[in-house]
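The values are calculated or read from the model by the stated rules, or taken from the named source; none is laboratory data. Every value quoted in this text rests on a predicted model; they were computed, and no experiment measured them. Note: ideal-geometry Cβ built from the backbone for every residue, glycine included; neighbour counts use all protein chains shown.
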Amino acid sequence: MRKLAIGIAASGALALTGLIAPAASATTSPDLVFSGVTVNGGKAVVAGTTGSVKVPVTYTLTRPSDLTIDYKKTFAGVLLYRGTLSRMANEIDPENAPTCTTTATTDTTVTESCKEILAIDSEGSLYSNADATTWKAAGLYSKIDQDDDGSDGHISLGYTYDAWGPLGSGVQIKRAARLTADAAPEPVKKGATLTVTGKLTRADWQSSEYAGYVSQRATLQFRAKGATGYTTLKTVTSGTGGALKTTTKATKDGYYRYVFAGTATTGAATAAGDYVDVR
């Protein structure tokens, strides 16, 4: 279902337009140019199973000087979508008006530098794990003409929607990962064998839970007490349910952790260091 942009869902009658897919407008489309679109500073967006991720979008908008965009009955902004422009598998629309500053004008055009925030709600925006992919950006323009005063026995609603895309390089949306580490026994004798277990899980947007991520490589790292950085000891592959397990020799007091670098669909994760006292 399409969500309406700011101001367009101001009344109950207007909210019904959320059930209408974009249709070809009977009027002439406005001459808008969206350029320099950058989503999240070019970095991937990582989303878990709850909460909302605020994603900044910047772009340049050039519009006709006689076109008024008031963000009440008219709206312009940038949305994200996957699929094709004419058949979107999913989309994330702006819910608030962008902040735009005029940077240039001519007799016929106005150029503005714009910033907006897209709210990616894991429960309301991401419906399946197929959403973990590269999303495209599109510029949008919408306009509504409404007469919802039925006292004269008549109401009317006209909705125009235009979109241009894909724009820029889009953005990768990834599933959040979680990682744990537990070294045992504690304390341990110097030179004895330590067993380091852990678990790698990632967000499942369909079940709204975290599920084991199998057959993935994680590195076991160690930081000696008093040291500032970790060193890599070995690489471990996750098994059933995302389980990690390996052994190492205890040489000195310090912290053990697992690190997962991430994949094309899943964000990186680092376990909290587990301290071991060597005696």
> Considering only residues of region 170-195 that are within 31 Å of the chain's Cα centre (by Cα) and aliphatic (A, V, I, L, M), which is surrounded by the fewest Cβ atoms within 10 Å (Cβ to Cβ)?
Replying inline: Ala176
>> Just to verify a result, which residue in region 112-148, among those that are surrounded by fewer than 18 Cβ atoms within 10 Å (Cβ to Cβ) and of a type in the set (Ser, Thr, Tyr), is farthest from Ser208 (Cα to Cα)?
In response: Ser113
>> Kindly evaluate Ser151 against the criterion of being more than 25 Å from Thr60 (Cα to Cα), modelled with pLDDT under 95 and buried (at least 19 other Cβ atoms within 10 Å of the Cβ).
In response: no
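Please go through region 192-203 and give me each residue that is within 17 Å of Ala176 (Cβ to Cβ) and in contact with a Ser or Thr (Cβ under 7 Å, 6 or more places away or on another chain), ordered by number.
From region 192-203, those within 17 Å of Ala176 (Cβ to Cβ) are 198-203; that's our starting set.
Result: Gly198, Lys199, Leu200, Arg202, Ala203.
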> From the residues in region 55-91 that are charged (D, E, K, R) and assigned to a loop (DSSP other than H, G, I, E, B), which one is surrounded by the most Cβ atoms within 10 Å (Cβ to Cβ)?
Replying inline: Lys73
